[in-house]
Amino acid sequence: MERDVKRYESETIGKLLLEFSVPSVISLVLNAFYNMVDQIFIGNGVGYLGNGATNVIFPLTQLAIAIGLLIGDGTASYMNLKLGEGKKEQAEKGMAAGLSALVISGLFLSIVLTIFLPQLCSMFGATKDIMPYALDYGYIIVGGTLCNIFPCGAMSIVRGNGGPKVAMESMLTGFTINMIGDPLTIYVFHWGVKGAALATVMGQIGSAIVCIVWLAKKKGTIQLSKQSFEHCLPYVKDDARHGLSSFVTQVAIVIVLYFQNNLLVKYGAMSKYGAEIPLTALGVTMKVFTILQNAITGLCSGAQPIISYNYGRGLNTRVRKILKTLLVISGGLMLAATIWFQLAPMSIVRIFGSTNDLYNEFSVKCLRIYLMLIFLDNFQMVGSSFLQSIGKSVTATMLILFRQIIVLIPAMLILGKIYGVDGLLYA
């Protein structure tokens, strides 16, 4: 057994967060870099139309991540709540159900996305020039959806089962494979966006293998056997209920991207920038923001089993103290990033390949306007994760829906109509 859960109620909060959240932050930031690495190599090796293609496929990868987190985060939360309540057999069944559901959902989604890929590319704003790149990149990415869903969810389960360092090693393995694969496939083999997609999928397979090997060695608090998987599927609904907030967060991003990409193409075509530049530049900006979001998510994910266990034990004062600590740390990180984006945006734009003056101009505008108030996002992100950790997934879900669906989408529709492409950034 890798850990003693009793430590959750006795160890200092700072020490626990260092042990559990730091590996989680590194894991999820590296996960964000997956897409960033593709964008950097594609932007410099293929051009901004290639980057536009990755932005079109991005919502489909987010959908896969949504399902992975629905099952993975939900399973981790359910497991630790049950451990806190002293119900280890239920925690075991929940974990077995989560791993089974990851495989089943990954295979199903891979088939569906492959069949409907051309229609989905059109739906998410692919222009005539971007479409060939989107299909080349997309068929490989969606064909490997299982390789995306499984490690995404399995890392949450491994982390919740006492293996935060293993989850980090899993992501580091995938990231390393992708980092080596991208320049080889793009610059050496000249496979373009197809090569970048292949490198991404190979990296995801590497991440999955690390998680599978660790689970097979039975090193965590919960050690699965063949009997654990017998009649476990009814527990999927309990896992999913606890992961609803994570799922809605990602699905809301997919819905927002549908409106955002299509509005960018529409109003971009009416501006001096054209349709492709806004679609590509804002996509890059969102990838940069995803790094920050994943850092905060990693901080909260690492704290999740600690919060769930203490809440299950009724130690509410300790739970509140953990929440305050998370808000202070994440608030400082977001504020520092805001200052950087306002003072030196071009330092970020250059990383992705500064194609021409118009592209640079809009990219700088994107970073400054779109991300000017992200330090306020801290409260929504920490709040929704915290509520999910204590089993209040419906409340957490409403918090996410209010920001992403009720406020943001109407704001894009209204401000876009009045101010064009700039209105979409201010929304």
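Here, each number is a calculation from the coordinates, and none is a lab measurement. Bear in mind that the values here come from a model prediction, so they are computed numbers and not experimental data. Neighbour counts are summed over all protein chains in view; Cβ atoms, including those assigned to glycine, are modelled from backbone coordinates with ideal geometry.
For this structure, a couple of remarks:
- In order through the stretch 14-22: 3J(HN,Hα) via Karplus (6.51 cos²θ - 1.76 cosθ + 1.60), integer Hz, x for Gly, Pro: x, 5, 5, 5, 4, 6, 9, 7, 4
- Here the stretch 267-311 and the stretch 94-141 have alpha carbon centers that stand 20 Å from each other.
- Sparsely packed trypsin sites (Lys or Arg not before Pro) within the stretch 168-227, loop by DSSP, other Cβ within 10 Å at most 12: Lys217, Lys218
- Members of Lys194/Lys226; Lys194/Lys417; Lys226/Lys321; Lys6/Lys287; Lys15/Lys218 lying beyond 31 Å, as alpha-carbon distances in this model show: Lys194/Lys226; Lys194/Lys417; Lys226/Lys321; Lys6/Lys287
- The length gained by stretching the chain between Ser271 and Glu9 to full extension, at 0.36 nm per residue less their Cα-Cα distance, is 88.6 nm.
- Part-to-part distance (alpha-carbon centres) for the stretch 170-190 and the stretch 1-73, which is given in Å: 17 Å
- Which label in (1) 49; (2) 40; (3) 34 gives the computed percent of Cα pairs over 32 Å apart: (3)
- Our coupling estimate for the stretch 365-378, obtained by passing each phi through the Karplus curve with A = 6.51, B = -1.76, C = 1.60 and θ = phi - 60°, is 4, 4, 4, 6, 7, 4, 10, 5, 10, 5, 5, 6, 5, 3 Hz, Gly and Pro reported as x.
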